[in-house]
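Written below as structure tokens is the structure these notes are about.
The values are calculated or read from the model by the stated rules, or taken from the named source; none is laboratory data. Computed from a predicted structure; not experimentally measured. Using ideal geometry, Cβ is built from the backbone for each residue, glycine included, and neighbour counts are taken over all protein chains shown. For the accessible areas, the whole protein counts, side chains as well, though only heavy atoms, and no ligand, DNA or RNA atoms are used. Shrake-Rupley method; radii C 1.70, N 1.55, O 1.52, S 1.80 Å.
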Amino acid sequence: MPTGDGLFGWGAELEEVFTGLDRLLTRVGRDAGTRVLRFPPMISREVFEQSEFGQSFPQLFGTVHAFAGDDRDHVMLSRAMAERTAWPDVVRPTRYVLTPAACYPVYPQYAGRPDADAVVDTSSYCFRHEPSEEVGRLVAFRQREFVRIGTSRDVDAWFGSWRDRALTVIRSLGLVARCEPAADPFFGRGARLLASGQREQGLKYEIITEIDGHPVAVASCNNHRDHFGRTFGIEASGGEVAATSCIGFGQERIAFALASAFGPDLTGWPSETRDALWG
Ligand code: ZN
């Protein structure tokens, strides 16, 4: 049910798929030592600034605005809303930014603590301001992530280990999938250089499947090296700046890929798919 550009609602059947996916990803990504952290879909402006997301992807982030005016401003705003005209300048940015990636609230939890060495299971609604007709490109979507924080050696090994694991989990749903090197959609003049550097250094890969015949990334694994360790002040064992890596699964995209492959009737889905989700 579309509710706006890049926004939609859904009913019980799709919710059942989301629940099954969540359980599947818990089985695959969580073990006894994993720390589970959940956050609302907003971060403080301070955390957002520390992440440097706005420097790399200004075209994608969104902030929360709120009314900041007096009686006169309220009258002007009410009139503009009734007439569907541009709002006067009485709605201003607050201290809140919409979470652009589920892992962002995790890093500050490890700031200023020695010997960071963790695997975190997190999940959030995320916002990316890219309204589009493209199937699977939503402005608000659920992302389930696993995050590794530690020494660069441990983090590199973890990043590499997800290549097979992520491909296996998507294939276990009966989807045709492949793993490909990838780059982020950097903004502006340096974009091409940054993207090719990321590819050459093998810092990102995606699991690609199809929705209605179009290739779509349903999972993305990123090796941030010491970026977040540096910007959030996280220290790994031995005092080195911590490295971090995360893998994110786009739950709507996986659900859409399943519906596109097997149709809208869940009872008719292949038994391997049903077992993976609800077995
Ligand atoms: Zn992440």
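Mind giving me the FRET efficiency for Arg79 and Arg153? R0 is 45 Å, r the Cβ-Cβ distance, nearest 0.05 is fine. It comes out at approximately 0.15.
Within the accessible area of segment 48-152, the carbon and sulfur atoms contribute 52%, probe 1.4 Å, all protein chains present.
Given their separation in residues at 0.36 nm each and the Cα-Cα distance between them, Tyr125 and Ala217 gain 31.4 nm when the chain is fully extended. When the surface is traced with a 1.4 Å probe over the full set of protein chains, Glu252 keeps roughly 0 Å² accessible.
Ranked by the mean number of other Cβ atoms within 10 Å of their residues, highest first, the peptides 143-152, 265-274 come out as 143-152, 265-274. Counting heavy atoms of the protein chains alone, Asp70 has an accessible area of about 80 Å² for a 1.4 Å probe. Between Ala12 and Ser237, the modelled label-to-label distance comes to 5.0 nm, taking each label 7 Å out from Cα in the direction of the beta carbon.
Using the alpha-carbon centroid of each, what span in Å lies between segment 242-279 and segment 60-99? Cα centres, segment 242-279 to segment 60-99: 38 Å. Measuring with a 1.4 angstrom probe and ignoring ligands and nucleic acids, Met1 comes out at about 130 Å² accessible. Centre-to-centre separation between the Cα atoms of segment 148-186 and those of segment 105-130: 18 Å. Extension gain for Thr267 to Arg189 (0.36 nm times residue separation, less C-alpha to C-alpha distance): 23.1 nm. Here the label points at Asp70 and Arg163, each 7 Å from Cα along the C-beta direction, are separated by 6.4 nm in the simple model.
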